[in-house]
Amino acid sequence: MYAGVVHKPLDIRYEEIDTPSPASGEVLVKVKYTGICGSDVPRVNADACHYFPNVLGHEFSGTVAALGEGVTSRAVGDRVAGIPLIPCMKCPDCMRGDYSLCAHYSFIGSRRFGSFAEYVAVPAENTFVLDDSISFAQGALFEPSAVALHGIRCADYLPGKYAAVIGCGTIGLLTAQWCRILGARKVAVFNRGRERLALCGSLGVDAAVCTAEGDYSETAQALTGGHGFDYVFDCVGSEATIHQAFRLAGNRAHVCIVGTPKEPVQFTVPQWELLNRKEMRLTGSWMSYSAPFPGDEWAETAAAFASGALKLEASMLHGILPLSRIDEAFALFRTPGAVKGKILIDSEA
C-alpha cells in the first residue's frame, strides 16, 4: 500500500510500504479521509515525532476491510470513524474510566502507525460504527468534536449560561457549536483574525468578536449585561489567549484551557489576581474520553451529526488533498496564515 511516511523533520514522503494485517482482536480499515491535526504539524515540520520512520494520522474515517481473529463486534463493510487512544485498561485512571489520563497508553498515528495511508490496522474497539446518514468527512471530524465536548464536560457545563470560545480553529468552532447545542444563553467567539470569524454566522453563534479591533472586554460586558461569561473555553492555548480568558470570565466563572501551550505562559500580578478576585474555577482538558470507552463524547457526536445539530460547513475545510500530495499539505503550514480550516487527506483519491 501507499502511505505518507515521516523520515525526519520536514521530510514526509508518499511511498509504498507493507499493508498491515489485523492481529487478533483488530480490524483492517480501508481509510477514506484523515484530518491533519494541529498536533501532527510539529511532528512533520519540527522535531515532535516519537520515532522514524513513522506514519501519522489519527482523525480518520473509512471502511472495515478485514477482521482479525476473534472479532465479532464489527463486520467487513462497516463504515467507521477511528478512535485513536489505546488505553492500558489496567491503571487506576483507566479503572475509574478516566482513559484520557492513562499514563501507559498507546496512540494510533503517533506511537503506532496511523491513517495517512491506504489502510490502517487498529483494535476493533478503536472504531466507531457510523450511521449511513453520516458522511466520511463528518466521520473524520469525530475525534476533534469529541475533544471539544470533553472540554465542555471538564468545565461542569450547565445550560442557560453565557459561553465564550477563544479561537476559530476546528476545535474552537466545534466547541462553539456544542455550547449552542447544549443550551447556552448566548455564545460568543473571540479571535484575533477577522477572516475566520466570518464562519461563525452559519454555525449559530450569537457574536463573533475580533480581539485585534477595539476593547474586547467592553464588548464582552455588553454581550453579557455586565456579568461576564460564565464559561470560557480557550481553544488556542497561547499566553495571550489565556490572559484573554481571565479577562472575559465573570465572577465564579469556569475557565477551561482546551488548547495546549507551546511556549511558557507568564502573568503579571494583576493578571493572575483575576483568578482570585473572581473566584474562577480553572481546569485543563486532555483528549476526548470517558466511560464506557470511548465515552459519551463520541456517542453524542454521532447523534448530533446524524440529526444535523452539529454542522460541518464547507467553509470549515481548507480543502481536500490526495494522499499522494501529503507533503504539499504539510508545507502549507510553514506559511503563517496560509491554512484557513481543516485539511482532509483523501487516501482513496
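The values are calculated or read from the model by the stated rules, or taken from the named source; none is laboratory data. Every value quoted in this text rests on a predicted model; they were computed, and no experiment measured them. Backbone-built Cβ (ideal geometry, glycine too); neighbour counts: all protein chains shown. Surface accessibility is based on the protein's heavy atoms, side chains included, excluding ligands, DNA and RNA. Shrake-Rupley method; radii C 1.70, N 1.55, O 1.52, S 1.80 Å.
Some points to look at:
- Cβ-placed point charges (K, R +1; D, E -1), dipole of region 1-115 about Cα centre in debye, nearest 20: 160
- If you take all other residues with their beta carbon under 11 Å from the beta carbon of Gly68, and give Lys and Arg +1 and Asp and Glu -1, the sum is -1.
- Within region 316-349, trypsin sites (Lys or Arg not before Pro) in DSSP loop having at most 15 other beta-carbon neighbours inside 10 Å: Arg334
- Of all accessible heavy-atom area on region 88-143, the percent that carbon and sulfur account for (1.4 Å): 54
- Cut-off 12 Å between beta-carbons: net charge of the residues surrounding His150, Lys and Arg +1, Asp and Glu -1: -4
- Calculated FRET value between Ala240 and Thr335, using beta carbons and R₀ = 25 Å, to 0.05: 0.75
- Reducing region 274-349 and region 3-65 to their Cα centroids gives an inter-centroid distance of 17 Å.
- Take 245-251, 160-166 and order them by the average number of nearby Cβ atoms within 10 Å per residue, most first; the result is 160-166, 245-251.
- Highest to lowest packing among 93-102, 172-181, scored as the average C-beta count within 10 Å: 172-181, 93-102
- Residue-normalised accessible area of region 7-123, expressed per residue, 1.4 Å probe, Å²: 43
- Calculated diffusion of the chain, Stokes-Einstein form, Kirkwood radius summed over Cα pairs, 25 °C and 0.890 mPa s, µm²/s: 118
- The chain, helix-only ellipticity at 222 nm - DSSP H runs n ≥ 4, -39,500 (n - 2.57), divided by all residues, nearest 500: -7000 deg cm²/dmol
- Protein accessible area in region 304-349, 1.4 Å probe - carbon and sulfur %: 52
- Theoretical FRET efficiency, 1/(1+(r/R0)^6), r = Cβ-Cβ of Cys88 and Ala303, R0 30 Å, to 0.05: 0.55
- Protein accessible area in region 16-76, 1.4 Å probe - carbon and sulfur %: 50
- Average accessible surface area per residue within region 218-349, 1.4 Å rolling probe, Å²: 48
- Separation of the Glu348 and Glu279 label points, Cα + 7 Å toward Cβ, nm: 5.5
- Point-to-point label distance, Glu313-Asp98, nm (Cα→Cβ direction, 7 Å offset): 3.7
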